[in-house]
Each structure stands twice: as structure tokens, then as C-alpha cells.
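The values are calculated or read from the model by the stated rules, or taken from the named source; none is laboratory data. Computed from a prediction, not measured in an experiment: that's the story for all the values here. Cβ atoms come from the backbone with ideal geometry, glycine included; neighbour counts cover every protein chain shown.
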């Protein structure tokens, strides 16, 4: 059997820049299975997209070493190419929701083991225009913490930095007026949070443990302010702490699986797509063809 090739695309600023120190080790371990085994560092988000696009046709596998933003960029690059490499992820971000969904350990050796074992799964991808998203599109309370938390604070405090930024929003609670059309079903109101989820994890919380990432569907979650901010905030906190099933019967919550969702934003509130800021008036998101990714088998059961 012909040996497969791999390239590792990495964010040199990941983990306070320490990733550069371990790249020779990563390359050494992957070279036991892949040949050639190359590495390249990105200069920016745009550069990472371009690197993924150019190398998707040259290599059998593309490994991303970085956080969810890096994964988002590589997915967009791969989707712009004709190549369909198998994707591997080494979690070097602050939260790593995609890796959590795939049960990929944060420990470097164990994460590399996942790639070397070679178990794969199809991971559905969401599309909006020319942009592709792998795990979330969201707006509302706490959402902006993903792009408003300073890089310096994240380097010093890690995940705690997000909690500090998010806590500040408790003193300026507000809703977003939205019109949301879910597979043709129309919803209109003022929402404390709107989320399109294509993963088990969001913001570091496993809020959707029963999520199937290869069913061709996304989950749309709407948390509406019907009585007071306190009630809506309680619902939101309960959802993150105990999961979607804990709030499914709440009157101010809509949870629905779908293939397409159209969102009209009647405000200037920013949203996030895979952790990056997205300003918009109208977006239509649909499911598109999946990518093949390495994942961690748990008790011989599919995630």
C-alpha cells in the first residue's frame, strides 16, 4: 500500500508561541506513518486559508495545529480547492470546541495518536455564500466574548479570560431583534441568544452531547426574552451548564434541527462564525458536503 502524505499547517502564535518548539516532534511522530511529512506556518488568517487551498490537492492529509479559528480557516481553504484530503486537528487553541466534539485530547501525544490510528468520520459543513463554517454561528449574550477577549489576556489567563469578558456583559444585558426562518418556519422576536450549532461543544461546554455531526442537519437554538432578562439569563445559563435537553420544554426556547436557516438581523449587533466576528443584515445558512476528519473512537462507538 502506498504511504500517504501529510502537511501540518500551524498558527505560530498558538499556545503563547510554544507550538514552534514542538513542531519538530510533531513532524517526527507523523513521519512514522506519513511520507512526505511537511510543515508550514501561517502568517495570518488569510494566509492560512491560502495555504490550505494550495496544499489540499497536493497532500492526502492536512493537519491543523491551532484553535477553532485556525480550523475554520483551513476548512475554507480546502473547500475552495478541488482536493479532498483527510483533515487532522491538534488542539492548540484556548477552547477547542471542534476537538472536543471529536473527542480529541488536549494532550499532544494522545492527539497525535488519534491521527496515527487513522479512524475517520464525515463532519458536516455549513455554508453561507462563499464562507464555510464547521461548528457554530451565533449572536447574543456572551457570544462576542470569542472575538472581544484580547489576545494578551488569553495568553496570560487562557480560558478564564473568556469568563472575565463574559461577566462584564451581565451589566449591559440586551436582546437582539431577529427574524429567523427555519426550513420555512418563521420566528420573530427579541432574543437573548440565537445559535446555529453543528457540534457537541460550544464555548467549552458540552451543551449538545447527542449531536450527530454527519446527519446532514444543524441545530438552531433561540432563547427569547418573553418576561424578563433574569428569566432569559437563567434559561441561558441552565442550557450551558446542563445541556439542551434541560431547556427543551421552556416556553421561551426553540430548538429545531434543519437543513437551511435564514437570519435577518434588525440591529447592529455582531455575530460570531466559528469564533470570528461576523457583521451582517441577512444570512442564509445551509448544509453542504462534509469533510473527512480523524476522530477519537470511544468504546468503539461512533461519536
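For the reader, a short list of remarks on this structure follows.
- Candidates in the stretch 248-271 are the residues that are part of a loop (DSSP other than H, G, I, E, B) and within 21 Å of the chain's Cα centre (by Cα); of these, the one that is farthest from residue 213 (Cα to Cα) is 269.
- Residue satisfying condition, being modelled with pLDDT under 85 and closer than 30 Å to residue 14 by Cβ, within set 211, 174: 211
- Answer residue from the stretch 27-42, given it is part of a helix (DSSP H, G or I) and in contact with a strand residue (DSSP E or B) (Cβ under 6 Å, 6 or more places away or on another chain) and is surrounded by the most Cβ atoms within 10 Å (Cβ to Cβ) among those: 30
- Filtered residue count, the stretch 227-273, keeping only those that are in contact with a helix residue (DSSP H, G or I) (Cβ under 9 Å, 6 or more places away or on another chain) and either within 16 Å of residue 178 (Cα to Cα) or not assigned by TED's automatic domain parsing to the domain that holds residue 182 (or both): 5
- Filtered by the rule that a residue be part of a loop (DSSP other than H, G, I, E, B) and touching a strand residue (DSSP E or B) at 6+ places or on another chain (Cβ under 9 Å), the stretch 204-229 gives 207, 208, 211, 212, 213, 214, 215, 216, 217, 225, 226.
- Residues of the stretch 252-268 that turn out to be crowded, with 17+ Cβ neighbours inside 10 Å and more than 13 Å from residue 186 (Cβ to Cβ), as a count: 4
- Within the stretch 115-131, considering residues that are touching a helix residue (DSSP H, G or I) at 6+ places or on another chain (Cβ under 9 Å) and touching a residue at least 60 places away in the same chain (Cβ under 8 Å), the one nearest to residue 211 (Cα to Cα): 123
- Residue list for the stretch 278-297, filter: within 14 Å of residue 99 (Cα to Cα) and either part of a loop (DSSP other than H, G, I, E, B) or modelled with pLDDT under 75 (or both): 295, 296, 297
Rundown of residues vs (1) closer than 16 Å to residue 134 by Cβ; (2) in contact with a helix residue (DSSP H, G or I) (Cβ under 7 Å, 6 or more places away or on another chain); (3) surrounded by fewer than 16 Cβ atoms within 10 Å (Cβ to Cβ); (4) modelled with pLDDT under 95, yes/no style:
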position	(1), (2), (3), (4)
18	no, no, yes, yes
44	no, no, yes, yes
54	no, no, yes, no
78	yes, yes, no, no
89	yes, yes, no, no
94	no, yes, no, yes
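- Test: residue in the stretch 191-206 that is surrounded by fewer than 21 Cβ atoms within 10 Å (Cβ to Cβ), at pLDDT 50 or above and either over 18 Å from residue 232 (Cβ atoms) or not assigned by TED's automatic domain parsing to the domain that holds residue 230 (or both): yes
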